[in-house]
Amino acid sequence: MKKLKLFSGNSNPVLAKEICDYLGISLGQATVSTFSDGEIYVKIKENVRGNHVFVIQSFSNPVNTNLIELLILIDALKRASAREITAVIPYYGYARQDRKDQPRVPITAKLVADLVGVAGAHRALTVDLHTGQIQGFFNVPVDHLYASPVLLDYFKKKQFDDLVVVSPDAGGVERARAFAKRMKVGLAIIDKRREGPNQTKIMNIIGEVAGHDILILDDMIDTAGTICQAAAAIKEKGARRILVGCTHPVFSGPAIERLTEAPIDEVVVTNTIPLTEAGSACKKVTVLSVASLLGEAIKRINEELSVTSLFV
């Protein structure tokens, strides 16, 4: 571990500290602040020459500020002669803009991947990308972890009555199917039609939910419109308890208000993104840590060991 150092921007310092605790090292000393006009200022305050440096930064709110912080940190470390730089991005923002689904729109997920590589990162480590093909947008190696082992450990300890795992849309079927297989329970799918950005309409439920406990599984909750519509539709079909599991608690706009009013008993998330003040106050929300998952991946990458067993 002598040649390994961890630095963090301002997006998720608590997670960075937990990862350092797992690895038994101290967080790297750096100043990440702003000038009076809003420009970001970075100074690395310790020697990193010849070290493998990991920079931990989620693209959470404020997304653009956190993105630029990461790019400037990487550039500073490159110019300080770090041997290798790995961008650890627990939550990869702009991931929903991953294709041209309309005329004259950008593929911003690809643009951001290019920026990370051009800044000087040699590798990226991330958790639960919105779509798997984003790995191919990077021109550097990507280790794509899944938070499902953390969620599985939690839900396996709970008592359920005929549990059914539900995918809130067709895009999440693979994730829900794999989770249901490991839980050895049934699977259902919601046919969702999108009417505009952050606007959805529930159409049909494919599968049996009446009389069952339900676990709605998704990679992220933004405004919570999809999740809450799904929960309401499932409840109308006669479901018992409804729980939600997701990796990234974006919780923007009216998300917490919607979750509070929805027929949902518990929302289980991870700390890839720090909760907002309203999110922390919501009694329905349970937060699990991915620090050990990321810490183990960082340790193996640094020691040039396989991380395949973490890709579950």
Given all pairs of distinct Cα atoms, the chain yields a Kirkwood Rh in Å of 20.3 Å
One finds the C-alpha centres of the stretch 120-171 and the stretch 242-306 to be spaced, in Å, by 12 Å
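So what's the projected area for the stretch 204-243, the Cα convex hull averaged over all directions, in nm²? Present the calculation step by step, with values, prior to reporting the outcome.
Values: hull surface 11.1 nm².
The directionally averaged projection comes out at 2.8 nm².
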Taking Cα atoms only, helix 225-236 is inclined relative to the longest principal axis of the chain by an angle, in degrees rounded to 10, of 20 degrees
Packing-ranked peptide list from 30-38, 263-271, highest mean Cβ count within 10 angstrom first, is 263-271, 30-38
A student applying the Cα gyration tensor rule (rounded when a/c is under 1.5; otherwise prolate if a/b is larger than b/c, oblate if not) would label the stretch 29-80 oblate
Cβ density ranking, 10 Å radius, fewest first, applied to V63, V112 yields V63, V112
For 216-226, 275-285, ranked highest to lowest by mean beta-carbon neighbours within 10 Å, the order is 216-226, 275-285
For 89-95, 121-127, 178-184, ranked highest to lowest by mean beta-carbon neighbours within 10 Å, the order is 89-95, 121-127, 178-184
Per the helix-only model, the chain has a calculated mean residue ellipticity at 222 nm (DSSP H runs of ≥4, -39500 (n - 2.57) each, divided over all residues, rounded to the nearest 500) of -9000 deg cm²/dmol
Per the Kirkwood formula over distinct C-alpha pairs, the hydrodynamic radius of the stretch 96-170 in angstrom is 15.1 Å
A student asked for the Cα radius of gyration and Dmax of the stretch 82-235 in angstrom ought to give 17.7, 57
Restricting to aspartates and glutamates and to Cα separations under 19 Å from K283, and discarding same-chain partners fewer than 8 apart, the set is D222, E257, E261, D265, E266
hull vol. (C-alpha, convex hull) per residue for the stretch 1-147, Å³ -> 117 Å³
Restricting to Cα pairs under 8 Å and 6 or more apart, the percent relative contact order of the stretch 206-290 works out to 29 percent
To the nearest 10 degrees, the tilt of helix 108-119 (Cα long axis) against the first principal axis of the alpha carbons of the chain is 20 degrees
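Every read-out reported here was derived from the displayed coordinates using simple, explicitly stated rules and does not represent laboratory data. Please read these numbers as outputs of a predicted model, since none were measured by experiment. Every residue, glycine as well, gets a Cβ built from its backbone with ideal geometry; the counts of neighbours run over all protein chains shown.
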